[in-house]
Amino acid sequence: MNTITVDHCCVRYGKKLVVDDVSLHASSGSFIAVIGPNGAGKSTFLRALAGVIPLASGSISINGSVIATLSPRQRANNIAMVPQQTHMPAGFTVREIVAMARYAFRPWYVAQRADDEALIDAALHDCEMSAYANVDAAHLSGGEQQRVAVARAIAQQANVLILDEPTAHLDLHHQAAILRIARVLTQRGVLVVAAMHDLNLAAAIADRVLLLHEGRTVAQGTPVEVLQHAVLERVYRTSLLCIPHADASIPFFVLAHDSPAHAATT
């Protein structure tokens with residue numbers, strides 16, 4: 001079983017404490033949704049989790065090994081990340097971009113093996129990008145590039161998959177497809193940690209939720225435990241309605257009629 005442990009994690013940008021004393025323990029086969037308003041520290045926390053940025057204090061370990069002590073290749077074997085903003089370099093096909101994930105296992109100058117090719121094909125198929133395999137990735141739309149980035153992360157076959165707003169720029173069909181893929185990966189034993197803005201999607205898919213505000217943990221637990229009406233209104237500073245859902249175990253929220261956002265559209 002793969003585990004990731006965050007122990008009193010703090011991250012600073014200059015003098016500003018962006019992530020403040022956040023702790024988390026998660027095991028393989030789980031989907032962890034990280035939620036919170038803009039500026040809550042979600043993306044920074046995920047980047048620290050991936051070992052992309054250093055900690056000011058605290059520690060993050062995977063299977064008992066402190067991430068900061070791992071080599072880039074060791075990190076790549078354990079953790080794959082899809083950032084919030086994806087930019088595909090010109091001159092590379094979609095298949096070539098996805099194939100780059102296999103460099104974690106062998107140098108770029110070593111020819112792909114049959115098992116590599118099969119993994120690349122499967123990742124493209126899962127993300128519904130097989131038809132674009134020979135297209136220059138830089139010519140794709142933002143949503144299509146997002147799906148290529150997810151396919152590359154899947155082909156990396158890491159124990160932990162970190163997704164920073166994976167459904168951004170995607171229509172409903174492809175939102176559902178990406179989340180379905182994430183759930184399949186958890187069934188294969190992958191630990192998925194995703195920053196999400198859509199509270200209802202988080203409630204529907206997550207096993208556990210981490211709610212951040214101003215860099216600190218407000219609550220963590222199951223969706224029912226964390227997605228509490230009064231807490232969300234305080235953190236998001238807006239009026240919400242919690243309405244019945246076909247699945248009684250899932251909380252479902254919409255903007256209340258007296259919220260500023262609702263008033264602006266009426």
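The values are calculated or read from the model by the stated rules, or taken from the named source; none is laboratory data. Values in this document were obtained by computation on a predicted structure and should not be read as measured data. Please note: Cβ atoms are built from the backbone with ideal geometry, for glycine as well, and neighbour counts cover all protein chains shown.
When Gly91 is tested against (1) farther than 19 Å from Ala194 by Cβ; (2) in a helix (DSSP H, G or I), only condition (2) is not met. Determine if the stretch 158-180 includes at least one residue that is outside the structural domain of His125 (by TED's automatic domain parsing), of a type outside the set (Val, Ile, Thr), crowded, with 16+ Cβ neighbours inside 10 Å and assigned to a loop (DSSP other than H, G, I, E, B). No; the residues of the stretch 158-180 include none that is outside the structural domain of His125 (by TED's automatic domain parsing), of a type outside the set (Val, Ile, Thr), crowded, with 16+ Cβ neighbours inside 10 Å and assigned to a loop (DSSP other than H, G, I, E, B).
If Asn78 satisfies all but one of (1) among the polar types (S, T, N, Q); (2) farther than 18 Å from Ser23 by Cβ; (3) surrounded by fewer than 17 Cβ atoms within 10 Å (Cβ to Cβ), what's the number of the condition it fails? The number of the failed condition is (3). Filtering Val52, Val6 for residues that are in a strand (DSSP E or B) and touching a helix residue (DSSP H, G or I) at 6+ places or on another chain (Cβ under 9 Å) leaves a single hit, Val6.
The residue that is surrounded by the most Cβ atoms within 10 Å (Cβ to Cβ), counting only those in the stretch 222-251 that are among the β-branched types (Val, Ile, Thr) and not in a helix (DSSP H, G or I), is Thr238.
Quick check, is Ala155 among the aliphatic types (A, V, I, L, M) and modelled with pLDDT under 90? Against the criterion (among the aliphatic types (A, V, I, L, M) and modelled with pLDDT under 90), Ala155 does not qualify. Here Asn200 passes the criteria (1) of a type outside the set (A, V, I, L, M); (2) touching a strand residue (DSSP E or B) at 6+ places or on another chain (Cβ under 9 Å); (3) in a loop (DSSP other than H, G, I, E, B) except the one numbered (3).
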